[in-house]
Amino acid sequence: MRRKTMPITTLIGVILLVSFVCIVLILVDNSGESSKNEGPALNLPATAPAIRATKIVSQPPETDYLTEIGLKTNAYKNRASGAWSCFSPYQELGSGFPLPNNLAYYLTGDGVGNISMMKVVLNINDHSREEEAKNALLHACRMLYQKAMRASLTEAVERTLLQGTSGEWPADSWTLSLTRDDWASGKGYELGFILQRRPACGL
């Protein structure tokens with residue numbers, strides 16, 4: 001019986017197919033080795049979280065008005081919805097008991113550095129050093145008013161401040177107010193020296 005032989009074209013096709021399969025297996029194996037050398041894959045989120053834009057403003061010059069007497073404010077920034085502000089640490093005046101008298105400086109404004117309120121606060125805790133504390137407040141207020149308004153405080157304002165009473169005066173486009181808040185405890189009170197920018201006409 002005559003043995004059947006595979007046609008030459010079929011043989012060539014089989015050889016090519018086997019070669020192709022071997023090449024594919026080699027490539028797959030090399031790919032696996034490469035992945036091992038590169039370390040574990042990063043588990044990245046499908047979408048990156050949105051980055052919230054933060055509005056940054058330069059520090060207004062008013063933040064330094066009382067630096068030379070130790071009332072340097074912290075950063076002027078948005079601390080609440082739409083409210084920009086900064087303030088100094090409380091500066092202790094002497095060593096009163098149970099608490100010393102102290103001063104602080106506050107600013108509020110908008111996001112582009114327009115200051116609308118400047119305030120110096122004196123807390124009277126030690127009545128034995130009350131006069132000394134009021135003189136420290138007067139010194140700070142004179143400095144603030146001179147730098148902010150390019151003018152000196154009137155005698156009426158200074159007298160009212162030293163008396164520890166309230167009052168209000170116009171000051172160009174600002175309003176100057178002296179306030180007093182007696183605490184419910186009866187142990188002390190707060191004096192405030194406030195420069196508040198008046199709204200523009202028609203607003």
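Looking only at residues in the stretch 66-93 that are out of contact with any strand residue (DSSP E or B) (no Cβ under 6 Å at 6 or more places or on another chain) and over 15 Å from Asn114 (Cα atoms), the one that is surrounded by the fewest Cβ atoms within 10 Å (Cβ to Cβ) is Ser81.
The single condition among (1) within 20 Å of the chain's Cα centre (by Cα); (2) more than 16 Å from Asp64 (Cα to Cα); (3) modelled with pLDDT of 95 or more that Glu132 does not meet is (1). The residues of the stretch 89-108 that are touching a residue at least 12 places away in the same chain (Cβ under 8 Å) and out of contact with any helix residue (DSSP H, G or I) (no Cβ under 7 Å at 6 or more places or on another chain), listed by number, are Pro89, Tyr90, Gln91, Phe97, Pro98, Leu99, Pro100, Asn102, Ala104, Tyr105, Tyr106, Thr108.
Whether a residue is more than 32 Å from the chain's Cα centre (by Cα) and surrounded by 13 or more Cβ atoms within 10 Å (Cβ to Cβ) was assessed, and Gly167 passes this test.
Residues that are closer than 25 Å to Arg79 by Cα, touching a Ser or Thr at 6+ places or on another chain (Cβ under 9 Å), surrounded by fewer than 18 Cβ atoms within 10 Å (Cβ to Cβ) and free of Cβ contacts under 8 Å to residues at least 60 places away in the same chain within the stretch 109-151 comprise Asp110, Gly113, listed in sequence order. Restricting attention to the stretch 110-135 and to residues that are touching a Gly at 6+ places or on another chain (Cβ under 6 Å) and in a loop (DSSP other than H, G, I, E, B), the residue that is farthest from Lys187 (Cα to Cα) turns out to be Asp126. Take the residues in the stretch 65-104 that are aliphatic (A, V, I, L, M) and outside any loop (DSSP other than H, G, I, E, B); name whichever of them is farthest from Arg180 (Cα to Cα). Here the answer is Ala80.
Counting only residues that are of a type in the set (A, V, I, L, M, F, W, C) and out of contact with any helix residue (DSSP H, G or I) (no Cβ under 9 Å at 6 or more places or on another chain), which one in the stretch 65-88 is modelled with the lowest pLDDT? Break it down stepwise before answering.
First, pick out the residues of the stretch 65-88 that are of a type in the set (A, V, I, L, M, F, W, C): 66, 69, 71, 75, 80, 83-84, 86-87.
From the residues that got through so far, the ones that are out of contact with any helix residue (DSSP H, G or I) (no Cβ under 9 Å at 6 or more places or on another chain) too are 80, 83-84, 87.
Numbers: Ala80: 76, Ala83: 85, Trp84: 94, Phe87: 97.
Among residues in the stretch 65-88 that are of a type in the set (A, V, I, L, M, F, W, C) and out of contact with any helix residue (DSSP H, G or I) (no Cβ under 9 Å at 6 or more places or on another chain), the one modelled with the lowest pLDDT is Ala80.
When each of Leu107, Leu144, Leu138 is tested for being of a type in the set (A, V, I, L, M, F, W, C) and in a strand (DSSP E or B), the lone residue that passes is Leu107.
The values are calculated or read from the model by the stated rules, or taken from the named source; none is laboratory data. Computed from a predicted structure; not experimentally measured. So basically every Cβ, Gly included, is an ideal-geometry build from the backbone, and we count neighbours across all protein chains shown.
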